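Student: Starting off with a structure, shown below.
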Amino acid sequence: MDRPDVLLQNPEGYFYNLVQQTGKSEAQKLEALAKKERNKTEDSEDSRQQPNYVTEEQNGDDECPIDVRI
């Protein structure tokens, strides 16, 4: 199942036409909302994919570097 922002990129698609039938102003609002939700989803996925590491400086031990995922 595609995301709304992807479906709205297909002018031949049912979803695109359905949104366009709401009128120009409402269609623009819905498109903006779909993009906003996509960006929010991508941002939350990016933050989950970025590992957090404890560095030597954070550990306070210059002799033993630690590389631990939190």
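The values are calculated or read from the model by the stated rules, or taken from the named source; none is laboratory data. Computed from a predicted model, the values in this text were never measured in an experiment. Here the Cβ positions follow ideal geometry from the backbone for every residue, glycine too, while neighbour counts run over all protein chains shown.
Student: With respect to Asn59, determine if the residue is more than 13 Å from the chain's Cα centre (by Cα) and either at pLDDT 60 or above or surrounded by fewer than 11 Cβ atoms within 10 Å (Cβ to Cβ) (or both). Show your work before the answer.
Tutor: Values: more than 13 Å from the chain's Cα centre (by Cα): yes; either at pLDDT 60 or above or surrounded by fewer than 11 Cβ atoms within 10 Å (Cβ to Cβ) (or both): no.
Against the criterion (more than 13 Å from the chain's Cα centre (by Cα) and either at pLDDT 60 or above or surrounded by fewer than 11 Cβ atoms within 10 Å (Cβ to Cβ) (or both)), Asn59 does not qualify.
Student: Which of the residues spanning region 21-35 are of a type outside the set (Gly, Ala, Ser) and under 17 Å from Asp2 (Cβ atoms)?
Tutor: Residues of region 21-35 of a type outside the set (Gly, Ala, Ser): 21-22, 24, 26, 28-31, 33, 35.
Scanning region 21-35 gives Leu30, Glu31, Leu33, Lys35.
Residues are listed down the side, and each one gets a yes or a no for (1) loosely packed, with under 12 Cβ neighbours inside 10 Å; (2) at pLDDT below 95; (3) small (Gly, Ala, Ser); (4) over 13 Å from the mean Cα position of the chain (by Cα):
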{"site": "Gln20", "(1), (2), (3), (4)": "no, no, no, yes"}
{"site": "Lys24", "(1), (2), (3), (4)": "yes, no, no, yes"}
{"site": "Lys35", "(1), (2), (3), (4)": "no, yes, no, no"}
{"site": "Lys40", "(1), (2), (3), (4)": "yes, yes, no, no"}
